[in-house]
Amino acid sequence: LWVDDRPENNVYERNTLEQYGLTFTLALSTLQALHCMEHNKFALIISDMGRKEGNREGYVLLDAIRKTNKEIPFIIYADSRKQEHVNETLKRGGQGCTNSPAELIDLVIKNLLNN
């Protein structure tokens, strides 16, 4: 599941990950992502941070997911990779936070191989 209100910004990354055999369901909002989670099973979630709903919406989604699903890997792919953002993501139960396409791909592959 890839959650971003501007999915056109991630075409390169999705195309690269699709070369590994991955497919994606896109959600444009936290509400849409939670709805998708109710009706589908996903191997991993990638989320941006700020959306129309708020500038910390990635954490809102992560917290909501962790209330019901402790296992699914959750990666935040946003504009910042400041250590404070990485630390907060990990503290909330996420597997990583990055703004680097290469690091994102590494995080996805590493987390899928571990599950």
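See the values below:
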| quantity | calculated |
| --- | --- |
| Which numbered condition F42 fails, given (1) of a type in the set (A, V, I, L, M, F, W, C); (2) assigned to a loop (DSSP other than H, G, I, E, B); (3) without any contact (Cβ under 8 Å) to a residue 12 or more places away in the chain | (3) |
| Matching residues, region 1-34, being part of a loop (DSSP other than H, G, I, E, B), open to solvent by 70 Å² or more (accessible area, probe 1.4 Å) and under 15 Å from R51 (Cα atoms) | R6, L28 |
| Which listed residue is more than 13 Å from the chain's Cα centre (by Cα) and not small (G, A, S), from E8, E13, E57 | E8 |
| Number of positions in region 52-74 that are surrounded by fewer than 22 Cβ atoms within 10 Å (Cβ to Cβ) and under 23 Å from E18 (Cβ atoms) | 2 |
| Cross-chain or 6+ apart pairs with Cβ under 8 Å, region 94-113 first and within 16 Å of S80 (Cβ to Cβ) and open to solvent by 20 Å² or more (accessible area, probe 1.4 Å), then in a helix (DSSP H, G or I) and of a type outside the set (A, V, I, L, M, F, W, C) | P101/Y12; P101/E13; P101/T16 |
| Test: D79 is among the charged types (D, E, K, R), open to solvent by 50 Å² or more (accessible area, probe 1.4 Å) and assigned to a helix (DSSP H, G or I) | no |
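The values are calculated or read from the model by the stated rules, or taken from the named source; none is laboratory data. Here the structure is a predicted model, which is why all the values come from computation and not from measurement. Because the Cβ atoms are built from the backbone with ideal geometry, glycine has one as well, and the counts that use them run over all protein chains shown. These accessible areas exclude ligands, DNA and RNA; they are computed on the full protein's heavy atoms, side chains included. Shrake-Rupley method; radii C 1.70, N 1.55, O 1.52, S 1.80 Å.
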